[in-house]
1. Hey, got a sec? Which trypsin sites (Lys or Arg not before Pro) in segment 56-159 land in a DSSP loop and have at most 16 other Cβ atoms within 10 Å?
2. If you line up the long axis of helix 32-41 against the longest principal axis of the chain, both from Cα atoms, how many degrees apart are they, to the nearest 10?
3. At 222 nm, what helix-only mean residue ellipticity would the chain give, in deg cm²/dmol to the nearest 500, using -39500 (n - 2.57) for each DSSP H run of four or more?
4. With angles folded into 0 to 90 degrees, how steeply does helix 150-165 sit against the dominant principal axis of the chain? Use alpha carbons for both and round to 10.
5. Given charges of +1 on the Cβ of Lys and Arg and -1 on the Cβ of Asp and Glu, with all other atoms neutral, how large is the dipole of the chain about its Cα centre, in debye to the nearest 20?
6. Divide, for segment 3-205, the radius of gyration over alpha carbons by 2.2 N^0.38 Å, where N is the residue count.
7. Taking only Cα atoms, what is the 0 to 90° angle, nearest 10, from helix 122-139's long axis to the longest principal axis of the chain?
8. Counting alpha carbon pairs within less than 8 Å and at least 6 residues apart, what relative contact order, in whole percent, applies to segment 3-205?
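FYI, it's all coordinate maths here, none of it is from the lab. Bear in mind that the values here come from a model prediction, so they are computed numbers and not experimental data. With ideal geometry, Cβ positions are generated from the backbone for all residues, glycine too; neighbour counts draw on all protein chains shown.
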Amino acid sequence: MQLSETIQSLLEEYADRSLSIATVLERTGHQGFGIISGLFTLPLLVPLPVPLPGLSALFGAGTILMGLQMALGLHRPHLPPPIARLELSPAMSQILLKNLNRILRPVERLARPRLLSVSRSWPLRRLVGLCLFWNALLMSLPLPIPFTNLLPAYTILVLAIGLLEMDGFLLLMGYGMTLATTFFFVSIAGIIWAIFLSLGNLSLSR
């Protein structure tokens, strides 16, 4: 079952009540790494009626843990109670349902089982975990620049879909997107550092 179908099934089943992350973990088993990572990323890619402060950090923390556990070789995901008890309200579920196909379908149309030597390799799956961890960390940074979390968020989605579809090509694409995302953030850091240096030089010259 594709990521969009899995998430849609859960959200529709819980349309009239809150859906906890613990319930998602129970229902998805070993596939939880990809599904939870995708689910935590989706709210950052949909238009919300009211911006929620700290949303990137909150959902990023769950994906950071997913990635770290994969990198360490765990076969089933585990989340601490404070994160496992997080709930998606019926209103949030409806927003996600409305945007699910728009966000996920373009990537899922490309997905199919291929390059199985990549997707089934346990060492490379650990590398996927490291990429999830790193992208979630970048996504959680409280940068005052709009849309900086979109690139790592989309990278996480590509990796999550690649995991679920056993698509080695998408996983390789996710590795490449991780490198591009890292370069993007390093460039931002360089620009910010250059601005600070120029401001410092201006104050010294006065």
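1. Loop-located and lightly packed - Arg85, Arg109, Arg120.
2. Value to nearest ten degrees: 50.
3. -23000 deg cm²/dmol
4. 30 degrees
5. 360 debye
6. That ratio works out to 1.08.
7. Between helix and principal axis, roughly 50 degrees.
8. Answer for segment 3-205 is 27 percent.
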